[in-house]
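The values are calculated or read from the model by the stated rules, or taken from the named source; none is laboratory data. This is a predicted model, so every value here is computed, not measured. Ideal geometry is used to build each Cβ from the backbone, glycine not excepted, and the neighbour counts take in all protein chains shown.
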Amino acid sequence: MDVDHLAGIRQNPATFAPGGVRHLILEVVAYVADEAECNNGGRCAVTLHSDGSVSVADYGRGTDTRLDDHDRPVKKPIMASKDLRFFDHPDVQLLPDGHPRRGMSVVAALSQWLEHTNRRENGAWIQRYEHGVPVTDLEPIADNGTSGTVVRFRADEPLPPVGELTADELVRLAMSWPYLSVKIDDRRAG
């Protein structure tokens, strides 16, 4: 975990999440799009929840999780550390909103809370973060016979809220990823 990295993101939300929640959603969906491109296709579901949170669910392999020397699950620290492929990279990839991709640590750092559910062949776990800092260990959950990830987060209040998003806009932006099919489930009232 890189506390200084997370603090730097939190000090500059307009820089790291221009467009607010919309940009955070695209940061998450970009990982799904990467896997979809490598596998000649993939799909995900973006849910806009009535409590203001957002979840992105995919049906891929799940986040790489291995057992350490003591048989404890350990996953890549993508939520709480800098993704060197994107963060401060001179040839940074642009997301469909035209802003730089920086990685999952931006989503975690700029969220009141984030829950990462991970299902793989070798197990299933959930972990909770608050402002990018893990507040639980990887907690085992029941295997339901599927694989993939669900990232559910509630963005900080200073960011433009989910209410400003439209499902049509998200679908239009997601069309930039040709190998990815995105379904939007808007559960907000009204």
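Structural remarks
- With respect to (1) at pLDDT 80 or above; (2) under 24 Å from Gly20 (Cβ atoms); (3) hydrophobic (A, V, I, L, M, F, W, C), the lone exception for Phe86 is condition (1).
- Summed over region 14-29, the residues that are assigned to a helix (DSSP H, G or I) and crowded, with 20+ Cβ neighbours inside 10 Å give a count of 10.
- Single match in Glu169, Glu139 (criterion: surrounded by fewer than 13 Cβ atoms within 10 Å (Cβ to Cβ) and not hydrophobic (A, V, I, L, M, F, W, C)): Glu139
- Condition check for Arg43: at pLDDT below 90 and in a loop (DSSP other than H, G, I, E, B): no
- Residue list for region 46-65, restricted to those being loosely packed, with under 12 Cβ neighbours inside 10 Å and at pLDDT below 70: Asp64
- Selection status of Gln127, outside any helix (DSSP H, G or I), closer than 19 Å to Gly20 by Cβ and not hydrophobic (A, V, I, L, M, F, W, C): no
- The number of residues in region 97-123 being touching a residue at least 24 places away in the same chain (Cβ under 8 Å) and assigned to a strand (DSSP E or B) comes to 11.
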